[in-house]
Amino acid sequence: MTVTSKSPLLSLPGAVPAEGPDEGVAGHYGDLFREQRALADGTGFVDLSHRGVITVSGEDRLAWLHLLLTQHVEKLPPHHATEALVLTAHGHIEHALYLVDDGSTTWIHVEPGTQGALLAYLESMKFFYRVETADASEQYAVVYLPAGAITAVPEGWGVRETAYGRDVFVPRAELESFAAGAGRPIGSLSLEALRIEAHRPRLGLETDHRTIPHELGWLETAVHLQKGCYRGQETVARVHNLGKPPRRLVFLHLDGSEVKLPPHGSPVRIASEGAESRQIGFVTSSARHWELGPIALALVKRNTAVDATLLADTTVASQEVVVAP
């Protein structure tokens with residue numbers, strides 16, 4: 001099986017395939033809001049077997065990754081989860097990595113379809129370092145267990161534990177048997193709704209070709225401002241110390257009377273200026289939340305008034321600050 005194939009868990013009762021970046025796994029299993037509530041309560045699991053998996057081994061692995069990533073990982077303790085970015089020379093976000101080291105191997109999962117380009121970059125930077133990199137996407141699948149889940153994980157499996165839950169690197173041959181003991185299957189749409197509620201950015205949705213970490217709040221979780229040089233570090237330091245990012249992430253409460261959610265890329269405008277006015281941003285992600293109703297994230301110009309009512313496509317929206325102007 002390849003990571004681009006359909007997940008075997010799509011054969012579970014009620015499974016409806018996801019679309020867009022989560023194609024290949026289930027978007028839901030027949031009851032979206034009940035699935036969201038279960039996930040928020042710490043039960044069930046989400047099939048993320050479409051995500052790319054990369055492993056890095058060798059005694060120099062952490063020191064080497066430290067030179068390439070925005071995060072301080074040189075002395076990353078075993079089993080301590082973190083996240084990091086790979087930037088372009090101009091500081092724009094190129095890759096987002098979710099990683100953990102087990103003492104001998106660094107386990108990384110990334111957005112579907114991005115592992116090939118990331119691996120090519122890593123391979124090009126090996127030089128004399130004692131490291132081995134591999135695309136392990138065909139051998140391992142990622143399964144998400146929410147915080148509070150009591151599902152047992154076999155000893156020796158890669159586990160990335162965060163405040164939000166556990167990312168488990170499951171041998172693909174054991175994906176179906178592990179899922180059978182992990183409780184209720186929950187689709188990717190539910191995880192997306194909770195991600196948007198928590199204001200967590202996602203590569204390819206909250207980012208475009210010119211996004212810098214400051215715009216999305218990734219300085220707090222994926223960038224270490226005191227570490228040494230890495231590609232794009234000059235831009236990170238300059239904007240942090242001397243300026244402000246050109247755009248900022250906002251959370252939107254959408255008018256619940258609208259039937260259709262504004263899709264990714266929908267224009268955002270100032271509501272009082274009308275539907276034909278100047279565009280000040282775009283919708284990055286949207287979802288229907290079991291408690292909050294329709295919600296979204298958007299990237300808008302930094303100087304947009306924080307109390308302005310916005311139009312997301314044709315839907316009226318109030319905003320909450322995620323990144324301060």
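Being assigned to a loop (DSSP other than H, G, I, E, B) and either touching a residue at least 60 places away in the same chain (Cβ under 8 Å) or surrounded by 16 or more Cβ atoms within 10 Å (Cβ to Cβ) (or both) narrows it down to one of 253, 264, so name that one.
Of 253, 264, the one residue that is assigned to a loop (DSSP other than H, G, I, E, B) and either touching a residue at least 60 places away in the same chain (Cβ under 8 Å) or surrounded by 16 or more Cβ atoms within 10 Å (Cβ to Cβ) (or both) is 264.
Only one residue in 302, 248 is at pLDDT 95 or above, in contact with a Lys or Arg (Cβ under 6 Å, 6 or more places away or on another chain) and open to solvent by 40 Å² or more (accessible area, probe 1.4 Å), so which one is that? Spell out how you get there, then give the answer.
Working: 248 fails: open to solvent by 40 Å² or more (accessible area, probe 1.4 Å).
So the residue among 302, 248 that is at pLDDT 95 or above, in contact with a Lys or Arg (Cβ under 6 Å, 6 or more places away or on another chain) and open to solvent by 40 Å² or more (accessible area, probe 1.4 Å) is 302.
Given the structure, is residue 277 open to solvent by less than 30 Å² (accessible area, probe 1.4 Å), at negative phi and in a loop (DSSP other than H, G, I, E, B)? Working first, answer last.
Values: open to solvent by less than 30 Å² (accessible area, probe 1.4 Å): yes; at negative phi: yes; in a loop (DSSP other than H, G, I, E, B): yes.
So residue 277 fits the description; yes.
Please state which of the following conditions residue 24 fails to meet, knowing it meets all the rest: (1) over 16 Å from the mean Cα position of the chain (by Cα); (2) within 20 Å of residue 159 (Cα to Cα).
Here residue 24 clears every test but (2).
Every residue in the stretch 234-245 that is touching a residue at least 40 places away in the same chain (Cβ under 8 Å), open to solvent by less than 80 Å² (accessible area, probe 1.4 Å) and either over 14 Å from residue 201 (Cβ atoms) or polar (S, T, N, Q) (or both), please. Spell out how you get there, then give the answer.
Let us first name the residues in the stretch 234-245 that are touching a residue at least 40 places away in the same chain (Cβ under 8 Å), namely 234-236, 239, 244-245.
Adding the requirement that they be open to solvent by less than 80 Å² (accessible area, probe 1.4 Å) leaves 235-236, 239, 245.
Of everything in the stretch 234-245, those that are touching a residue at least 40 places away in the same chain (Cβ under 8 Å), open to solvent by less than 80 Å² (accessible area, probe 1.4 Å) and either over 14 Å from residue 201 (Cβ atoms) or polar (S, T, N, Q) (or both) turn out to be 235, 236, 239.
So in the stretch 218-233, with the set limited to residues that are among the aliphatic types (A, V, I, L, M) and surrounded by 18 or more Cβ atoms within 10 Å (Cβ to Cβ), which one is nearest to the chain's Cα centre (by Cα)? Write out each step before concluding.
We begin by selecting, within the stretch 218-233, every residue among the aliphatic types (A, V, I, L, M); these are 219, 222-223, 225.
After this cut, where a residue has to be surrounded by 18 or more Cβ atoms within 10 Å (Cβ to Cβ) as well, the list is 219, 222-223.
On the way: 219: 14, 222: 11, 223: 15 Å.
Taking the candidates together, the pick is 222.
For the stretch 194-210, state whether one or more residues are open to solvent by 10 Å² or more (accessible area, probe 1.4 Å) and over 15 Å from the mean Cα position of the chain (by Cα).
So the first thing to find is which residues in the stretch 194-210 are open to solvent by 10 Å² or more (accessible area, probe 1.4 Å), and the list is 194-195, 197-205, 207-210.
Filter once more, so that each one left must be over 15 Å from the mean Cα position of the chain (by Cα): 209-210.
Scanning the stretch 194-210, I find at least one residue that is open to solvent by 10 Å² or more (accessible area, probe 1.4 Å) and over 15 Å from the mean Cα position of the chain (by Cα), so the answer is yes.
Quick one: in the stretch 51-73, which of the residues that are outside any loop (DSSP other than H, G, I, E, B) and within 21 Å of the chain's Cα centre (by Cα) is nearest to residue 120 (Cα to Cα)? Reasoning before the result, please.
Within the stretch 51-73, the subset outside any loop (DSSP other than H, G, I, E, B) is 52-57, 61-68.
The next check asks that each one be within 21 Å of the chain's Cα centre (by Cα); those that pass are 52-56, 65-66, 68.
On the way: 52: 14, 53: 14, 54: 11, 55: 13, 56: 13, 65: 14, 66: 17, 68: 13 Å.
Here the answer is 54.
Residue-wise test of (1) open to solvent by 10 Å² or more (accessible area, probe 1.4 Å); (2) within 27 Å of residue 265 (Cβ to Cβ); (3) touching a Leu at 6+ places or on another chain (Cβ under 7 Å).
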{"site": "8", "(1), (2), (3)": "yes, no, yes"}
{"site": "13", "(1), (2), (3)": "yes, no, no"}
{"site": "17", "(1), (2), (3)": "yes, yes, yes"}
{"site": "22", "(1), (2), (3)": "yes, yes, no"}
{"site": "28", "(1), (2), (3)": "yes, yes, yes"}
{"site": "32", "(1), (2), (3)": "yes, yes, yes"}
{"site": "37", "(1), (2), (3)": "yes, no, no"}
{"site": "42", "(1), (2), (3)": "no, no, no"}
{"site": "47", "(1), (2), (3)": "no, yes, yes"}
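Given the structure, is residue 159 closer than 22 Å to residue 201 by Cα and within 15 Å of the chain's Cα centre (by Cα)? Talk me through it step by step, then tell me what you get.
Values: closer than 22 Å to residue 201 by Cα: yes; within 15 Å of the chain's Cα centre (by Cα): no.
So residue 159 fails the test.
Mind checking which residues of the stretch 10-52 are of a type outside the set (A, V, I, L, M, F, W, C), under 22 Å from residue 198 (Cβ atoms) and touching a helix residue (DSSP H, G or I) at 6+ places or on another chain (Cβ under 6 Å)?
22, 27, 28, 35, 36, 44, 47
The values are calculated or read from the model by the stated rules, or taken from the named source; none is laboratory data. Owing to the predicted nature of the structure, the values given are computational and were not obtained by experimental measurement. Note: ideal-geometry Cβ built from the backbone for every residue, glycine included; neighbour counts use all protein chains shown. These accessible areas exclude ligands, DNA and RNA; they are computed on the full protein's heavy atoms, side chains included. Shrake-Rupley method; radii C 1.70, N 1.55, O 1.52, S 1.80 Å.
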